[in-house]
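The structure appears right after this line, and notes come after that.
The values are calculated or read from the model by the stated rules, or taken from the named source; none is laboratory data. These figures come from a predicted structure and were not determined experimentally. Cβ: placed from backbone, ideal geometry, glycine included. Neighbour counts: every protein chain shown. Note: areas computed on protein heavy atoms with side chains; ligands, DNA, RNA excluded. Shrake-Rupley method; radii C 1.70, N 1.55, O 1.52, S 1.80 Å.
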Amino acid sequence: MVNRQRWLRPLALLVVVGLAAAACGGGRDDDDETGSGEAESGEPGEVPGFDGETIKLGVVTPTSGRVAVIGEPLTNGNRAYWDYVNEELGGVAGRYQVELVVEDSAYDPPTAVQKYNQIKGDVVMFNQLLGTPIVNALLEQLTADNIVAQPASLDSFWVREQNLLPIGAPYQIQAMNGVNWYVTEGGGEGTSICTLRQDDPYGEAGQEGVDFALEQLDLELAAEATFPVGNPDFTTQITQLQGAGCEMVWLVSTPTDTGSALGKAAELGYAPQWMGQSPTWIGAFVDSPLLPYLEQNFIWVSEGPEYGDESVPGMSELLRIQETYAPDQAPDVYFNFGYLESRAVHQVLEAAVEAGDLSHEGIVEAMNSIDELTFDGLFGDYGWGAPDDRDPPRASSIFRVNAEKPIGLELTVAEHEAPFAPDFEFGA
């Protein structure tokens, strides 16, 4: 895992250097930034992305292409939360309005790097960077620019990165909790376990969690099948899994590929127990011909309560804000995540305003001063502070497909934590 990230960093930097000249016309050079951004009055001074009245936040996300089915509701969640803050709370600290600057990455790393460079001089930080490959491509430059970004991605590698603001239990935790639950409580003892994963850093994150769990359980992986993003046909991969006798397959994909892969499995008469980490699902599956197959064979592993469970205070507030500020948005797990991204950024901005400094340096200092990021029961609270002090949630929720539920998922087990989850080390 660490080696994988290390060799990607020089590559990402080469991409950044190659695109920076073309992109610089859209944003101000960081060398022109004013000092700390702290005004003598104690109120934050003007800095790039803050004119004394409005705080601008960047969003680089796919609003086109195959992963737009995630990017659009995520960004709607970002917007709805800030519309609520602007309208009902008067903005950050009750006085500073927030504006999102949204650019389309098309889920393509070089495009994302270009869009980042276009707007980095016009924002105080990034409210969303969607996708593990995107964050990998930008991480070197985020560090060089000293800009904080919220990754819409749950790789464990983000935990110790100074310039990232991750939330939620990482993919590795989801995978190890899912595998542990399946073997010890889900009737999977003695079965053959395999993976079908995206052939990129996102897929590797899920694989790392499965491998860690199997090692702790003294089990062997029966087969590992990989595929590129947007794979047009899964015949080869499904045939490989069938031939290996896989009885449970851990799936690492985004929704479009989930539909293609499981559709091919249904066509070929292959029906193992599928288990998928959080980005594998989308509520639109409820209205697809694949629904009966999913109801029989798919389990989703994520975090938090069942969508719509108003006994959770944070859920009742999310539903109210969604109805008020995003009335056309259908219930969606990605809307939920985007909402929580903004909630985390809000906590950082409040600390930065209190310290009187919204510069890039001031935001880093404010972020490090926070003891805990809280999410009102929608996600696990996240022990915070400097990178070495961060302690992400370690529990996951297990869901089965139920078309009668708002997003087609019914909570089966809440907060399952593998006994070895605390032993997993997060490190850069």
Helix-only mean residue ellipticity at 222 nm for the chain, each DSSP H run of n ≥ 4 adding -39500 (n - 2.57), per residue, nearest 500: -13000 deg cm²/dmol
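Can you say what percent of the DSSP beta bridges in the chain, counting only those with both residues inside, are antiparallel? Round to 5. Mind showing how you got there, number by number?
Working: 16 of 49 bridges.
Close to 35 percent.
Could you do me a favour and compute the accessible area per residue for the chain, 1.4 Å probe, result in Å²? Write out the running numbers ahead of the final one.
Numbers: 15770 Å² over 428 residues.
Roughly 37 Å² per residue, with all protein chains present.
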Output ³J(HN,Hα) for the range 229-235: one whole-Hz value per residue in order, computed from phi by the Karplus curve 6.51 cos²θ - 1.76 cosθ + 1.60 with θ = phi - 60°, and x for Gly and Pro. 4, x, 4, x, 8, 9, 4
From the backbone phi of the range 307-322, what are the Karplus-calculated ³J(HN,Hα) couplings (6.51 cos²θ - 1.76 cosθ + 1.60, θ = phi - 60°) in whole Hz, Gly and Pro given as x? 4, x, 6, 6, 6, 8, x, x, 6, 5, 6, 4, 5, 5, 5, 4
Long-range amide H contacts for Val47: which residues qualify at under 5 Å (H placed 1.01 Å from N, peptide plane, sequence gap of 5 or more or a different chain)? Gly52
Phi angles of the range 383-388, converted by Karplus (6.51 cos²θ - 1.76 cosθ + 1.60, θ = phi - 60°) into ³J(HN,Hα) in whole Hz with x for Gly and Pro, give x, 10, x, 5, x, 5
The range 214-331 - Kirkwood radius from inverse mean 1/r over Cα pairs (Å): 16.3 Å
Can you tell me the relative contact order of the chain? Whole percent, Cα pairs under 8 Å, sequence separation 6 or more. 20 percent
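Tell me, what % of the accessible area of the chain is carbon and sulfur with a 1.4 angstrom probe? Mind showing how you got there, number by number?
Working: 7220 of 15770 Å².
The value for the chain is 46 percent carbon and sulfur by accessible area.
Could you work out the relative contact order of the range 109-204? I mean the mean sequence separation of Cα pairs under 8 Å and 6+ apart, divided by the number of residues, in percent. Each step should come with its number before you reach the end.
On the way: 91 pairs, mean separation 20.8, N = 96.
Relative contact order for the range 109-204 comes out at 22 percent.
Tell me, what is the percent relative contact order of the range 283-422, built from C-alpha pairs under 8 Å that lie six or more residues apart? Can you show the working numbers first?
Numbers: 192 pairs, mean separation 42.8, N = 140.
Here the relative contact order equals 31 percent.
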Expressed as a percent, the portion of alpha-carbon pairs in the range 343-415 spaced more than 15 Å apart is 63 percent
Across Met315, Met176, Met367, the residue with the highest GNM fluctuation in the chain (Cα network, 10 Å cutoff) is Met315
For the chain, treating each Cα as an identical point scatterer without solvent, what Debye log10 I(q)/I(0) comes out at q = 0.09, 0.14 1/Å? -0.53, -1.29
Size of electric dipole in the chain: Cβ of Lys, Arg +1 and of Asp, Glu -1, about Cα centre, debye, nearest 20: 1260 debye
Give the span of the range 83-207's Cα atoms along each principal axis, as three whole-Å numbers ordered largest to smallest. 58, 36, 25
Sort all Cα-Cα distances of the range 143-283 into consecutive 5 angstrom bins from zero, then give the percent of pairs in each bin up to the one containing the longest distance. 2, 10, 20, 21, 19, 13, 7, 4, 2, 1, 0
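Of all trypsin sites (Lys or Arg not before Pro) in the range 92-145, which ones are in loop regions per DSSP and have a Cβ with at most 13 other Cβ atoms within 10 Å?
Details: sites: Arg95, Lys115, Lys120; in loops: Arg95.
Listed in order of number, the matching sites are Arg95.
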Amide H contacts under 5 Å for Ile299, placed H, 5+ residues apart: Trp274, Met275, Gly276
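Of all GluC sites (Glu not before Pro) in the range 324-428, which ones are in loop regions per DSSP and have a Cβ with at most 14 other Cβ atoms within 10 Å?
Those that pass, being in a loop and sparsely packed, are Glu404, Glu425.
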Taking amide hydrogens as modeled 1.01 Å from N in the peptide plane, which residues meet the under 5 Å criterion relative to Met125, leaving out close sequence neighbours? Gly58
Between the range 119-197 and the range 240-317, what is the C-alpha centre distance in whole Å? 19 Å
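Which of the GluC sites (Glu not before Pro) found in the range 141-247 are in a DSSP loop and have at most 11 neighbouring Cβ atoms, other than their own, within 10 Å?
On the way: sites: Glu161, Glu185, Glu189, Glu204, Glu208, Glu215, Glu220, Glu224, Glu247; in loops: Glu161, Glu185, Glu189, Glu220, Glu247.
Here the sparse-neighbourhood loop sites are Glu189, Glu220.
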Need one number: nm distance between label points at Glu43 and Leu268, each 7 Å from Cα along Cα→Cβ, rounded to one decimal. 6.5 nm
